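What follows is a set of notes on a single structure, which appears directly below.
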Amino acid sequence: MAARRGLSRGLGRALSSRSAVLRAAKLGPAEAPPAEERIRNFCIIAHVDHGKSTLADRLLEATGAIATSAKNAQVLDTMELERERGITIKLQAARMTYTAADGHAYILNLIDTPGHVDFGYEVERSLQACEGAILVVDASQGVEAQTIAVVQSARAQGLEIVPVLNKIDLPTAQPDRVAAEVQAILGLDCTRAIHASAKERRGIGEILEAVVARVPPPRAGSRARPLRCLVFDSSYDAHRGVIASVRVVDGALRLGDRIAFLNSGAEYEALELGVLVPHARPVHSLAAGEVGYVCGAIRALADAKVGETLAHAADARAQPPRVAPLPGYREPRPMVFCGLFLHDGDRFELLRDSLAKLALNDASLVYTAESSLALGSGFRVGFLGLLHMEVVQQRLEREYGLELVMTAPSVAYRVTTTRGERILVDSPDKFPEQSAIASVEEPFCAVEIIAPFDCTGALMELCQEARGEFGNMQPAGDGRVLLQYALPLGEVISGFFDSLKSRSRGYASMDYAPSDYRAADIVKLDVLINGERAAPLAMMVHRAAAQATGRRLAARLKELIPRQQFRVPIQAALGAKVIAAEHIAALRKDVTAKCYGGDQSRKKKLLMRQAEGKKRMKEIGRVSVPQSAFMACLSLRGAGSEAAAGG
Ligand SMILES: Nc1nc2c(ncn2[C@@H]2O[C@H](COP(=O)(O)OP(=O)(O)OP(=O)(O)O)[C@@H](O)[C@H]2O)c(=O)[nH]1
């Protein structure tokens, strides 16, 4: 699945590589905006791998927005084309012109939606920029967990949904069976479902006609109102600042207009307006119903976050303001937290600069400095979910050449103290003494799982172990079952997905969305090494799982911490009460023992290597602890851990 940041980065890079061209690109003569009834704004929604990107490409080809590629995308003959293709796959919005069977030319805006639930809010905003959605379902696979999730989101936004059964070229395709499934599970009328093969370019014309005929045009009459645009995506370009993708909801935006973002209050001038066809084409104005981009030398994404409302500065400043923000704006809310440290503690400045640069491109990234005796200076970073965390980690390592140490991910608990204070605890460091806690609440999420029927028992057991609350179970067609559970988010982020896959032989698909907070008996599990509290190893766990987790952690640390010259006790404790204990026997590690005393140079090398190894160790009291030990807790927490670690 294409990760959200990948999309933004892709377009950012694509635009930046063309920024010189763009600056030189001539702004053509001003044109009248297309009539609302000739505009269709739509997106393509699908479960991963059902063919969303391939179909998007075909629609662009069929309307002449991009050149028709050779059959095999890998053998595109020119770099030019290849680049174009790369851009089209990663674009966030593309404008096509299509002459329909009724003889009229229509402007079709295809708006890309991020595929993953981590970016659910951004999906919601992209969908809000559309009036319709093409639902792609693989005719050989049928409805999957994310199919249900995306349809629910599209419905919530009131979009007209056009079902397309893709991959009918496959011998295993059963479009009629899958149509019945879509109808039964999703309640979508499939009598007019389109049979298509994006691969073989079948059904493409029918899909374009269906977009024109079935997706409603933008609401008429809104052009006379004061300007309001929805920012449904934004990315940062080093040369031009923030590029905000917008859907004009009311009024019209003209080049040179003074603009304001209603939630952040930031004001700028619209220096460049454009549409993506799919290359960026500067325009003089964008009117209600249209989709395009705005640049205004906007310095930080924080000023123009996804979900913002852009208006004319004068309307925003008027007393009382002449415009209200579009409803539903939310600050990005991190759900998963972890500590980020460096293998090489000396490069802290680089980590700080890299995070700051990344945050320019990712308004949902939040971080605060954190310092740990064992791991040095680093940051506590909040992410939208595990995928987001992975993407950030990879970007920091790849783009900034950093070698990171990440502590186990944790969720944020709501703690009410005995003094009546309510605090959000996203790190074991901040967990109050047990005696000062009145109550703790943990975040829950709504989970939907689709799996073969014969795995039902194993998966229900898994959800039960993860303290899940059963919601519903129903047939999902083709010998499969749909399970709905409410699960603690803390369990979902600790190996649950791996366990789900292993207990369903890889066949289950799953989707989750944060729901609410519920009371939970959460405690802080401390680890003591040689009597010293090892703060980076502390965890917040459910009391019922504390003892088993403590035992596994102590046993794992015993394996990971090298023997020292003295006996090292390892203990897991709840407050002052030790609940699990191990010890490492004393031994002086003689790394040269194998060298039979003869080969001096080899002996030297080994001693040097041992010294290097020591450098990578961190001291907890008198004990040298390797980096790997700090990651030990990653595979321990939660119910799914045994399966996740053991396969
Ligand atoms: N046989 C067949 N394969 C197809 C068809 N459409 C797409 N595919 C293949 O299915 C795979 C997934 O297609 P994508 O277009 O990348 O799917 P997607 O839904 O965009 O996936 P993500 O971008 O990863 O979310 C690719 O290997 C495509 O070549 C089709 O009509 N027939």
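Where a number appears in this text, it was derived from the coordinates with a stated rule and is not lab data. All values reported here derive from a predicted model rather than from experimental measurement. We place every Cβ from the backbone using ideal geometry, glycine too, and count neighbours over all the protein chains shown.
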*Please work out how much length the chain gains when fully extended from residue 516 to residue 566, using 0.36 nm per residue of separation minus the C-alpha to C-alpha distance, in nm with one decimal.*
13.1 nm
*Considering the dipole of segment 216-317 built from charges on the beta carbon (Lys and Arg +1, Asp and Glu -1) around the Cα centre, which of 221, 262, 301 is farthest to its positive end?*
221
*Any of 305/430; 305/357; 430/524; 524/577 with alpha carbons more than 19 Å apart? Name them for me.*
305/430
*Kindly list the residues of segment 417-449 that lie in the label zone of residue 152, defined by a backbone N under 18 Å from the point 7 Å along the Cα-to-C-beta vector.*
443-449
*Rule-of-thumb check for segment 402-503: C-alpha Rg over 2.2 N^0.38 Å?*
1.37
_Please list, ordered by chain and number, the residues whose modelled amide H lies under 5 Å from the amide H of residue 160; skip anything fewer than 5 residues away on the same chain._
132, 133
*HN-Hα J couplings of segment 462-475 from phi, Karplus 6.51/-1.76/1.60, θ = phi - 60°, integer Hz, Gly and Pro as x?*
4, 5, 4, 4, 8, 6, x, 10, 5, x, 7, 9, 8, x
*Determine ³J(HN,Hα), in whole Hz, for all residues of segment 500-505 in sequence, where each value follows from phi through the Karplus function 6.51 cos²θ - 1.76 cosθ + 1.60 and θ = phi - 60°; x replaces Gly and Pro.*
4, 5, 6, 7, 10, 6
_Whole-Hz ³J(HN,Hα) from phi, Karplus 6.51 cos²θ - 1.76 cosθ + 1.60, for segment 430-439, glycine and proline x_ = 8, 6, x, 3, 4, 5, 9, 9, 8, 7
*By a straight-distance test (C-alpha under 18 Å), which aspartates and glutamates pair with residue 501 as possible cross-link partners, with residues fewer than eight away in the same chain excluded?*
49, 144, 448, 454, 461, 465, 491, 511, 642
_Based only on other Cβ atoms within 10 Å, what is the fewest-to-most ordering of 138, 516, 233?_
516, 138, 233
*asked:* With only alpha-carbon pairs counted, each pair once and no self-pairs, how large is the Kirkwood hydrodynamic radius of segment 336-407 in angstroms?
replied: 11.9
